[in-house]
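Report on the following structure.
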Amino acid sequence: MNSVVVDTARSPHAALRPVPASAVTLKDAFWQPRRETNRAATLPSQFDHLETSGTRPNFRRAANNEAGTPFRGPVFMDSDLYKWLEAAASALATDDDPALREMVSTAVAEVEAAQQPDGYLNTHFTFDKADLRYSNLRDWHELYCAGHLIQAAVAHVRATGDERLLNVARRFADHLCETFGEEENKQRLTDGHEEIEMALVELFRVTGERRYLDLARFFLDVRGQKTVGGGAYHQDHVPFRDLAEVTGHAVRMTYLACGAADIFLETGDAALKSALEAQWANLTTRRMYVSGGLGARYEGEAFGKDYELPNARAYTETCAAIGSVMWNHRMLLATGAARYADLLEHTLYNAVLPGLSLDGQAYFYQNPLEDDGRHRRQPWFGCACCPPNVARLLAQLPAYFYGTTDAGDVYVHLYAEGNAQIPRPGGGTLTLRQSTNYPWNGDIALTIEGVTGEATFGLFVRVPGWCESGATLEVNGEPHPDPLAPGGYVELRRTWRTGDTVHLHLPLSARRIACHPYVAENAGRVALLRGPILYCVEQADHPNVALRDLVLLPDTELSPRPRPDLLGNIVILEGTAALDPPADGWTPNTLYQTTRGGASTTNGEQNTVPLTAVPYFAWANREPGQMHVWLRER
Ligand SMILES: [Zn+2]
């Protein structure tokens, strides 16, 4: 059994081979408790929501041919169960849990029973709406749901060895191969919501059947030819290879990029890679929030224009952040370039994690960077895409930590206490142990164990881009001779023996981050980061203060303080801030007035107040109140 998420083990154009989640044991105080909560609380509670919301009843209704009973929920409801199945199967790959296993088994049987004799499977288009099959691919998500079924099936067979769900997925995929394609007797169409592309590539990887990869490539190539309306919303306005920006519906965009990256990994199509790099550059230099979140607009759940990044009205769907993690993971596998691991890590902590409450049972769909206290996590949604998506990522997280090469080099992408069984070329494994209190502490010890005799290979240790300077490293106490370049992997090539230890020291001082001045809302403001963690200020720590009146002074020091008692064990930042409310002329009844030639609109900084910043991922877990990521700075 294994639990690879993106299996590049045989991909001809991958720089890195995967190390499965089942080979990685996390024992840290940050991720592992969250993964425990995911398995023990989140996934079981989601299974119940999938019953009460109507998702699982839809499958039973389809299986029993219950004509006359209404389909419940939005047209893409099936995907919620599939994503949950992928999450639960992935959780079982690293931790056995008999109760969860039983739920998975029940769900697999429900899915299996709903499949139609010709392989088709979508509970919305069964019996009473069967004649509507594939009649509106732009809006009705049939291939999107098929993609999630395939991903669930792949995760399930990898985790359990049980091929039941895989056989369901293959029957459906074979039906799709017979239905869609360039040939004259087939439909030359694709889905309005991307997802099928990456799923079919993974199905190719697990089965070896080339026709699934060919169909994925067909679905990618037929997009951009006005096959699904021709709009940027569906990324259908230009061919993918000519798309040099991230645009339209943000989740669709990231899933499309994942599919294209997967196809590149298998085919080496250079035009795909350069398009992906151009899109990534546009995202990271013009259209991404400081959290790593993406999608600026409520309208169309979409990317905005360059520098259009409103804070309170940020859409930043949790699923879009997850899509970004998945996209960056594939780019990392394709290139071995640390910038993708940097953004993957940043997005995990600061854009995915805020989507989940500390108790693991309430969710954000939108993740604003400023709020008045009214945006609160919900136990479920009518459109419940985000909750099982978060569960899936947490379950699969260990698979994101390491990579290897055919020559036996080992890449360390992410940091957390634990160990990994790293496969060696020609068989066998070595153990790599991490000792650290990351992300709160920047000291990381990597110890090689389980090497019989000695092994010569390169150990590639990521020096995060946020370090800027000051990172140091020793091998068995010997300082590394060269300065460490942030945003890269330091290559330690030598003959390793059991007991060899690498110490990496990443400086974790609080940093003030400014934003490009074209984002007018952030002018004169800074965001606070420490290590990979983005901070915010909350009303709960500043009673009776309007957060928009807070001003950081240039010389104010921000000191870290561990607070194991607070918000599930965090490090806060403490300092002082001035209060700078509007000048006396601005009464509550004045919105506009004639300017007086450069006169200040405020009274200047007056009282100082203690400032407490908490990690942004933990916001909205106390009493409702204001929250700001961007703080005024003098
Ligand atoms: Zn979502």
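The values are calculated or read from the model by the stated rules, or taken from the named source; none is laboratory data. Just so we're clear, the structure is a prediction, and the values are computed from it rather than from any experiment. Don't worry about glycine lacking a Cβ; one is built from the backbone with ideal geometry, like all the others, and counts go over all protein chains shown. To get the accessible areas, we keep the full protein, side chains included, count just its heavy atoms, and leave off ligands, DNA and RNA. Shrake-Rupley method; radii C 1.70, N 1.55, O 1.52, S 1.80 Å.
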At R0 = 41 Å the Cβ-Cβ FRET efficiency linking residue 441 and residue 102, nearest 0.05, sits at 0.55
Probe 1.4 Å, all protein chains present, accessible-area order of 95, 28, largest first:
95, 28
Estimated 222 nm signal from helices in the chain, with DSSP H stretches of n ≥ 4 weighted -39500 (n - 2.57), rounded to 500
-10000 deg cm²/dmol
P(r) weight above 15 Å for segment 334-375, C-alpha pairs, percent
56
Hey, got the Cα dimensions of segment 160-251 along the principal axes, in Å, largest first?
40, 32, 17
Considering only protein heavy atoms, with the full assembly of protein chains and a 1.4 angstrom probe, order 496, 380 by accessible area, largest first.
380, 496
Under-5 Å amide H pairs with residue 480, H placed in peptide plane, nonlocal only
473, 474, 475
At q = 0.14 Å⁻¹, what log₁₀ I(q)/I(0) does segment 106-168 have when each alpha carbon counts as one equal point scatterer in the Debye sum?
-0.43
Phi angles of segment 140-145, converted by Karplus (6.51 cos²θ - 1.76 cosθ + 1.60, θ = phi - 60°) into ³J(HN,Hα) in whole Hz with x for Gly and Pro, give 9, 6, 5, 6, 4, 5
Counting only the heavy atoms of the protein chains, how much of residue 129 is accessible to a 1.4 Å probe, in Å² to the nearest 10?
60
How many lysine pairs are close in the chain, with Cα atoms under 24 Å apart and the two 8 or more places apart or on different chains?
6
Given H placed 1.01 Å from N in the peptide plane, which residues other than close sequence neighbours of residue 411 have an amide H under 5 Å from its amide H?
403, 404, 460
On a full-extension model of 0.36 nm per residue, what is the gain between residue 498 and residue 359, subtracting their alpha-carbon distance, rounded to one decimal in nm?
46.1 nm
Of 232, 367, 502, whose Cα points farthest to the positive end of the dipole of the chain (charges on the beta-carbon: +1 Lys, Arg; -1 Asp, Glu; origin at the Cα centre)?
232
Accessible area of the chain belonging to carbon and sulfur atoms, whole % at 1.4 Å probe:
49
Take the Cα atoms of the chain, find their three principal axes, and give me the spread along each one in whole Å, biggest first.
75, 71, 47
Simple spin-label estimate for residue 2 and residue 509 in nanometres, 7 Å along Cα-Cβ
4.4
Given a Förster distance of 30 Å, report the FRET efficiency between residue 452 and residue 482 from their Cβ-Cβ distance, rounded to the nearest 0.05.
0.45
Note on the chain, DSSP bridge orientation, antiparallel percent to nearest 5 equals 90
Karplus-derived 3J(HN,Hα), 6.51/-1.76/1.60, for each residue of segment 203-211, Hz, glycine and proline x
5, 4, 5, 8, 9, x, 7, 4, 5
Give the accessible area for residue 594 in Å² (nearest 10); use a 1.4 Å probe, count only protein heavy atoms, and leave out ligands, DNA and RNA.
120
Mean projection area, nm², convex hull over Cα of segment 263-413
10.1
Residue-level accessible surface for residue 591, protein heavy atoms, 1.4 Å, Å²:
130
Stretch gain in nm, segment residue 284-residue 69, where the contour uses 0.36 nm per residue and the Cα spacing is subtracted
72.7 nm
Just the number please: accessible area per residue for the chain, 1.4 Å probe, all protein chains included, in Å².
36
Distance between modelled label sites at residue 523 and residue 312, nm, 7 Å Cα→Cβ extension
1.9
Need one number: nm distance between label points at residue 561 and residue 298, each 7 Å from Cα along Cα→Cβ, rounded to one decimal.
3.8
Could you work out the Rg to Rh ratio of segment 124-213, with Rh taken as the Kirkwood radius (inverse of the mean 1/r over all Cα pairs)?
0.98
